[in-house]
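The values are calculated or read from the model by the stated rules, or taken from the named source; none is laboratory data. Predicted, not measured: the structure shown is a model, and the values here were computed from it. Heads up, the Cβs are rebuilt from the backbone with ideal geometry, glycines too, and the neighbour counts pull from every protein chain shown. Only protein heavy atoms, including side chains, enter the accessible area calculation; ligands, DNA and RNA are left aside. Shrake-Rupley method; radii C 1.70, N 1.55, O 1.52, S 1.80 Å.
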Amino acid sequence: MEITFEHVTHSYDVNSPTANLGLDDVSFTIKDKLFTAIVGQTGSGKSTLVRHINALLKPTSGSIKVGDRLLTPETNNKNLKPLRKKIGMVFQFPESQLFEETVEKDIMFGPMNFGATEEEARTSAHKMIQLVGLDESYLKKSPFDLSGGQMRRVAIAGVLASDPETIILDEPTAGLDPVGRKEIMDLFKQLQAEGKTIILITHNMDDVANYADEMAVIHRGKLVAHGLPQEVFNNQELLKDNLLTLPQSAEFAQDLAQKDFKFDQLPITIAELGAKIKQQLSGETNG
Amino acid sequence: MEKIISIKDLNYTYPDSQNAAIDHLTLDIYKNEWLSIVGKNGSGKSTLTKLIDGLIEADSGTIAVDGQVINEKNIWNARTKIGIIFQNPDHQFVGATVEDDVAFGLENQGMPREQMLKEVDHALKLVKMADFKKRDPQSLSGGQKQRVAIAGVLATRPQIVIMDESTSMLDPDGRKTVLDLIQQLRKEQDLTIISITHDIEETELSQRIVVLNSGKIVKDGKPDVIYNLGADLQEYGLDEPFTSKLMSVLGKQLKLPDGYLSEGELKNQLWKLHSNM
């Protein structure tokens, strides 16, 4: 689903003279079926931004167009269900949202809340548990007997079970081990290939470089950059002002460039970095 | 070297589980050492921490803390020697101000108020958060919150600090600040640090790394020995260090030395190759 922010400002306390701006005049479009990463320091406004997409927060001024739905300061809380069904949201530490006595019931809760029959919800639960890499025997367990990584997967399955068109992920892999993280990130990439729009909030710049099609950088409530990761990570002004940290490969290239090596564009993945180093170490001997 | 924690043939299985979470584990931890315990989710890292802190009781085997084998009677005494910093600082705050929060552990110990205020100031100074003592903890950044949590732990004057994935929620700057601070405190306060993580890059400041898998120690060595395992680390759910990934992309035709290279060493090798062209 395409999502367009038009001059969105969000003030946490409208009456205060030193109004605390969570978002400050943000305008940009999150494109349909792309994988968009949202980055920025802790407290920069990333979470505030995405909470406007399913109307958990409403703009103080400006508007957000989500598919064919327009959200404005006047939007009331009635009739938000159709919107929220289309937008699945996985919060930080989603395992804290688990509450049912079995994993199956927990995953079924979402679809049933959005009007699915028990039968449909159960079918969905059986499908989703496998999609997140757990076998069906987990459905009968209590979510509280699972490890942190398994709980995370169950919580993600619960969001996927309502078959949302757009999936918003707020640091979904924090605390997962590297193998678990890669499996979950690959799952999101696979969901994108199946036609979903993915919006990922993350601190991990390597995940941005490896998975995202586009990225947006938020700083003190303002959108300071939006574009291809390759371009944004090469935006000298952002780097100069320390508004962005680099993926490991780009940082390594930047260090190498202090002597002998030259990079017109900083490589952002290990494959690119390796290729560019090899090129420079062989190129000159050949020519 | 003096042992501060000595674990012998420890076993623990969670109720209703068929597999041992800790399986015949024996480990000595030395005074003033920075030991990293790494392993994937479910490898037994957190269970081991809970056993050391006496939050759960082992099925068999012993744990000695500072020379004393812990049992039901002396566990409270052993616990005063251990401070734990958890993953998510938000779950650790109880006070309305930073200073109340740091004082919490001391109130629990029944310390007189006057002495407590001194200890709190001292601890906040150590973590460079003295200027924030009247602030609401929730208004702080992630890195600042974790520093306050560290102050709360330090105030109780532990000999051993366990970091249970304490930097995994922080952004790269916050993480670096916290790790550097812990290193400095380890030296100045003669602390023993046990850090639990699954991020191999976080272990670079430690002196020894223990790799845990299915409740057993599968590797125990200095960081460069462990990093040298390269892609084999994936078998234990860990990521391969950045430099070894890059070296496998670079391939054998570049004449790089065998074995693990730190980032600095790899850069020097690449500059050397460049200037020899």
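Enter the accessible area of residue A:194 (Å², nearest 10), with the probe set to 1.4 Å and all protein chains included.
My reading of the accessible area for residue A:194 is about 120 Å².
Rounded, prolate or oblate: which fits chain A, taking a ≥ b ≥ c as square roots of the Cα gyration tensor eigenvalues, rounded meaning a/c under 1.5, else prolate when a/b beats b/c?
Here chain A falls in the oblate category.
Given the rule -39500 (n - 2.57) for each run of at least 4 DSSP H residues, summed and divided by the residues of the protein assembly as shown, what is its mean residue ellipticity at 222 nm, to the nearest 500 deg cm²/dmol?
When only DSSP H runs of four or more count, the value is -11000 deg cm²/dmol.
With +1 assigned to the C-beta of every Lys and Arg and -1 to the C-beta of every Asp and Glu, and no other charges, what is the dipole magnitude of the range B:141-235 about the Cα centre in debye, to the nearest 20?
400
Express the C-alpha Rg of the range B:47-96 as a ratio against the empirical globular expectation 2.2 N^0.38 Å, rounded to two decimals.
Compared with the compact-globule rule of thumb, the range B:47-96 sits at 1.32.
Excluding residues fewer than 8 places away in the same chain, name every one of the aspartates and glutamates whose C-alpha is closer than 12 Å to that of residue B:187.
In chain and number order, the partners are B:33.
What does the charge count near residue B:60 come to, summing +1 for each Lys or Arg and -1 for each Asp or Glu among other residues with Cβ under 14 Å from its Cβ?
Values: positive: B:8; negative: B:9, B:23, B:57, B:59.
Net of charged neighbours comes to -3.
Counting only protein chains, not ligands or nucleic acids, how are B:267, B:255 ordered by accessible area (probe 1.4 Å), most first?
Descending accessible area places them as B:255, B:267.
Rounded to two decimals, what ratio of Rg to Rh does the range A:246-287 give with C-alpha atoms and a Kirkwood Rh?
Reported Rg/Rh, Kirkwood definition of Rh: 0.97.
Quick one: which of A:31/A:278; B:81/B:222; A:31/B:252 span more than 30 angstrom between C-alpha atoms?
Going by Cα-Cα distance, A:31/A:278; A:31/B:252 fall outside the 30 Å limit.
Using the beta-carbon distance between residue B:69 and residue B:113 and R0 = 51 Å, what value does 1/(1 + (r/R0)^6) give for FRET efficiency, to the nearest 0.05?
0.90
Of A:46/A:189; B:176/B:219; B:45/B:219, which ones are farther than 19 Å apart at the Cα?
Pairs exceeding 19 Å: A:46/A:189; B:176/B:219.
Return, for the Cα atoms of chain B, the radius of gyration and Dmax in Å, separated by a comma.
Rg then Dmax for chain B, in Å: 20.5, 71.
Using only the alpha-carbon atoms of the protein assembly as shown as identical scatterers, what base-10 log of I(q)/I(0) does the Debye formula give at q = 0.12 Å⁻¹?
Log-scaled intensity ratios, in q order: -1.36.
With r defined as the distance between the Cβ atoms of residue B:122 and residue B:96 and R0 fixed at 22 Å, what FRET efficiency is calculated, to the nearest 0.05?
0.55
Can you list residues from other chains, or at least 5 along the same chain, whose modelled amide H is less than 5 Å from the amide H of residue B:84?
It is B:162, by chain and number.
Name the long-range amide H neighbours of residue B:28: under 5 Å, sequence gap of 5 or more, or other chain; modelled H, no Pro or chain starts.
Long-range HN contacts for residue B:28: B:7.
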